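The values are calculated or read from the model by the stated rules, or taken from the named source; none is laboratory data. The model shown is predicted, which means the values in this text are computed figures rather than measured ones. Using ideal geometry, Cβ is built from the backbone for each residue, glycine included, and neighbour counts are taken over all protein chains shown.
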Amino acid sequence: MLAGTGRVHRIDRRGVRDAIPLFLPVIPFGFVVGLAITESELPVAIGWASSPLIFAGAAQLAVVSLAGTASLWAVVVAGFVINTRHVMYSAAMSPVFRAQPRWMRWAGPFLLIDQVFALASLRTDLETAEFRRYYFTVGGFMFIGWQIVTSVGMVVGPVVPDSWRFDFAVPIMFMGLVLLAVNRAPAAVAAIVGGLVSLAAVSLQDRLGILIGAAAGVVAGAITESVLERRTVIVPA
């Protein structure tokens, strides 16, 4: 249990303070998704409901854009491939979640988006209850903020001039996440290899280049980690 109201408030303030810089690039991206909902073949109510149900911006944008123009199988595959990286997030966070209550292990993964993972992975040194408080503060901030910006995008998006393009929002957002997470050599190698392989495979159908690049990055990072560990092992005389 968290001891004292002051400590609880410090965790909450830290979570909000950490979340704000990563949420700023999400705002134009949310406007893009909101505009895509209004232009989708989906009924507006169902399109809006995709925000709380598919709490993953890139996958939501793909599903909303493809709905009504592609087969159900193509929509499912696109969403699955784009969200494959979340499996790696879950694997990375599993040691921390293992110490949490069962309800946290069931509810917490729903909020495990890119920004939440980037921040929570840097706070694994917190005590069990403190980490849980921090995680839900960051995740709740992102979730509520996402609902607001996509809703605003549905309202103002259609009246925004075409010259005010927000295409830059997605690459800037992910660049910030990568820079935040790259604090060790294996992470740097994984990011570089994954990016280069994804770029080389960008022409593959159904966004398979993302999946291949992610797998290549994980393998490269694991090899680098193994090599560095062997170099630091002290062999007894």
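Here are some notes:
- Checking each residue in the stretch 39-82 for being at pLDDT 80 or above, part of a helix (DSSP H, G or I) and of a type in the set (Ser, Thr, Tyr) picks out Ser50, Ser51.
- Among the residues of the stretch 113-134, the ones that are surrounded by 18 or more Cβ atoms within 10 Å (Cβ to Cβ) and either closer than 23 Å to Ile82 by Cα or free of Cβ contacts under 8 Å to residues at least 40 places away in the same chain (or both) come to 10 in all.
- Filtered residue count, the stretch 100-119, keeping only those that are at pLDDT below 90 and small (Gly, Ala, Ser): 1
- Residue in the stretch 196-217 that is surrounded by the fewest Cβ atoms within 10 Å (Cβ to Cβ), counting only those that are at pLDDT below 70 and either part of a helix (DSSP H, G or I) or in the same structural domain as Val87 (by TED's automatic domain parsing) (or both): Gln205
- Taken over the stretch 75-126, the criterion of being more than 19 Å from Met142 (Cα to Cα) and among the small types (Gly, Ala, Ser) is satisfied by Ala78, Gly79, Ala91, Ala92, Ser94, Ala99.
- Qualifying residues in the stretch 83-129 (those that are hydroxyl-bearing (Ser, Thr, Tyr) and not in a helix (DSSP H, G or I)) - the one nearest to Asp18 (Cα to Cα): Ser121
- Contacts under 7 angstrom Cβ, first residue in the stretch 77-102 being touching a residue at least 60 places away in the same chain (Cβ under 8 Å), partner among the charged types (D, E, K, R), 6 or more apart: Val77/Asp206; Ala78/Asp206; Ala78/Arg207; Val81/Asp206; Val81/Arg207; Ile82/Arg207
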